[in-house]
Protein chains: 2
Amino acid sequence: MELYLIRHGIAEEQTSSIKDEERSLTKEGRQKTEKVAQRLQKLGLQFDLIVTSPLVRARQTAEILIAAGLSSQLEESAHLTPDGDISSWLIDWLKPKNYSPNTQLALVGHEPCLSNWAEILLWGEAKGSFVLKKAGMIGVKLPETGSPVGHSQMFWLTPPKYLL
Amino acid sequence: MELYLIRHGIAEEQTSSIKDEERSLTKEGRQKTEKVAQRLQKLGLQFDLIVTSPLVRARQTAEILIAAGLSSQLEESAHLTPDGDISSWLIDWLKPKNYSPNTQLALVGHEPCLSNWAEILLWGEAKGSFVLKKAGMIGVKLPETGSPVGHSQMFWLTPPKYLL
């Protein structure tokens, strides 16, 4: 199974009138994310399911991926918010009952949660070794049997600028 | 400083009449590597120096990178052969006297040496967590001060298929 960890695009700054969870993608963030999504589609990527953080900037990013034809299935999960418990949720989700060896799952969320999770899957712990830019992505291959924690392999890490 | 670890392209098989160190890139390997090099050049990559393993398949890969305009400086180092001691050589090379914060160094070599080295730079030890395909590359950012071992960050890991 392949897991794609995708960070939301560039979003407007938080202000006294805009709560963090309501921050939208900026015009530049939307355009760049659309270009990334189109490139991913041309490269042949296809996700069985996209699960997104419910925060507006992540939800909008996921909707751009859907509009580009990268998946037809979109779900929200509060576990993917910056304060969410991605850890136990992902471990539970990654039990074999939930996926086949060919499943391609994309998660749209926030830093440092996503790159920390890539490290945990590879190494069992996180120490901030990956640079995941906004609208960038990480691709991780999970083992066919056994726990993915500390036993997965990374095959892709890219900033958006190399996808434009 | 940024370090780019580049694996040689697809090479002919070893036979009784072709020694391992004399294996050349196949026609497919040469064409794919040329496309990757052209894409890297379009993406704005520019290396101050390319150091290559002296084995034919690596040397040919490095020459394709030079021909695409990615660098004007090419050196060979026996430390980059599959049996070479990349470890102590790289640690010595990465002393601040050898580079400025803006140096972009590319190493062309073999697996599992290259991806093991990326892991050592990030985490201090190697356990085979990265998939580095032939003509694929890894980009690592080194800290401005102190030892790079266990203190570097990875910003790029790509198979060639996402650069074609």
Check your understanding: Taking the alpha-carbon centroid of each part, what is the distance from the stretch A:141-163 to the stretch B:97-164 in angstrom?
Key -> 16 Å
Exercise for review: Go from 0 up to the bin containing the longest alpha carbon distance in the protein assembly as shown, width 10 Å each, and give me the % of pairs per bin.
Suggested key: 6, 25, 32, 24, 11, 2, 0, 0
Check your understanding: Once both axes come from the Cα atoms, what is the angle between helix A:56-67 and the longest principal axis of chain A, in degrees from 0 to 90, rounded to 10?
Key -> 70 degrees
Point to revise | Portion, in percent, of the accessible area of the stretch A:1-157 that falls on carbon or sulfur, probe 1.4 Å | key: 46 percent
Check your understanding: Points 7 angstrom from Cα along the Cβ direction at B:Asp48 and B:Glu125: gap in nanometres?
Key -> 3.3 nm
Exercise for review: Send over a whole-number figure in Å² for the accessible area per residue of the stretch B:31-164, probe 1.4 Å.
Suggested key: 42 Å²
Practice item. Quick one: what are the phi-derived ³J(HN,Hα) couplings along the stretch B:121-130, Karplus 6.51/-1.76/1.60 with θ = phi - 60°, whole Hz, x for glycine and proline? Key: 5, 7, 10, x, 8, 10, 9, x, 8, 10
Check your understanding: To one decimal in nm, how far is A:Ser100 from the same spot in the other copies, if labels go 7 Å from Cα toward Cβ? Please give the shortest first.
Key -> 5.6
Check your understanding: Can you list the HN-Hα couplings for the stretch B:77-92, worked out from phi with the Karplus curve (6.51, -1.76, 1.60; θ = phi - 60°), rounded to whole Hz and with x for Gly and Pro?
Key -> 9, 5, 5, 8, 5, x, 9, x, 9, 4, 4, 5, 5, 5, 4, 5
Exercise for review: Shielding by partners for A:21-34, please: the mean number of other protein chain Cβ atoms within 10 Å of each residue's Cβ.
Suggested key: 0
Revision key, fill the gap. Measuring from the longest principal axis of the C-alpha atoms of chain B, the long axis of helix B:27-42 (C-alpha) lies at a number of degrees, nearest 10, equal to 40 degrees
Point to revise | Net charge, A:Leu45 excluded, C-beta distance under 12 Å - Lys, Arg +1, Asp, Glu -1 | key: +1
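Taking DSSP loops as anything outside H, G, I, E and B, show the longest stretch in chain A free of GluC sites (Glu not before Pro) there with at most 14 other beta carbons within 10 Å.
By the stated rule (loop sites, at most 14 other Cβ atoms within 10 Å), A:14-124.
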Point to revise | Area buried, chain B against chain A - accessible surface, total, 1.4 angstrom probe, square angstrom | key: 2200 Å²
**Study point:** Axis-nearest residue of B (beta carbon) for the B-onto-A rotation, whole Å
**Key:** B:Leu157, 2
Revision key, fill the gap. Copies of B:Glu13 compared via label points 7 Å along Cα→Cβ give distances in nm, shortest first, of 6.2
Exercise for review: Could you pull the copy-to-copy label distances for A:Lys42, with points set 7 Å along Cα to Cβ, in nm to one decimal and sorted shortest first?
Suggested key: 0.7
Exercise for review: Find the centroid of the Cα atoms in the stretch B:50-89 and in the stretch B:1-30, then give the distance between the two in whole Å.
Suggested key: 11 Å
Review point. Around B:Ser16, what is the net charge, scoring Lys/Arg as +1 and Asp/Glu as -1 over all other residues with Cβ under 15 Å from its Cβ?
Key: -3
Review point. Which lysines, on any chain, are close to A:Lys95 with Cα under 17 Å apart, when same-chain ones fewer than 8 places away are left out?
Key: A:Lys141
Exercise for review: Only helical DSSP H runs with n ≥ 4 go in: add -39500 (n - 2.57) per run for chain B, normalise by residue count and round the 222 nm mean residue ellipticity to 500 deg cm²/dmol.
Suggested key: -9000 deg cm²/dmol
**Study point:** Charge tally in the Cβ shell below 12 Å around B:Ser77, where Lys, Arg are +1 and Asp, Glu are -1, B:Ser77 excluded
**Key:** -3
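Listed here are the pairs B:Lys97/B:Lys133; A:Lys19/A:Lys42; A:Lys32/B:Lys97; A:Lys134/B:Lys133; A:Lys27/A:Lys97; which of them are more than 30 Å apart at the Cα?
Table pairs above 30 Å Cα-Cα are B:Lys97/B:Lys133; A:Lys19/A:Lys42; A:Lys32/B:Lys97; A:Lys27/A:Lys97.
The values are calculated or read from the model by the stated rules, or taken from the named source; none is laboratory data. Everything numeric in this text was worked out from a predicted model, so none of it was measured. FYI the Cβ positions are ideal-geometry reconstructions off the backbone, even for glycines, and counts take in every protein chain you see. Quick note on the areas: whole protein, heavy atoms, side chains included, nothing else; ligands and nucleic acids left out. Shrake-Rupley method; radii C 1.70, N 1.55, O 1.52, S 1.80 Å.
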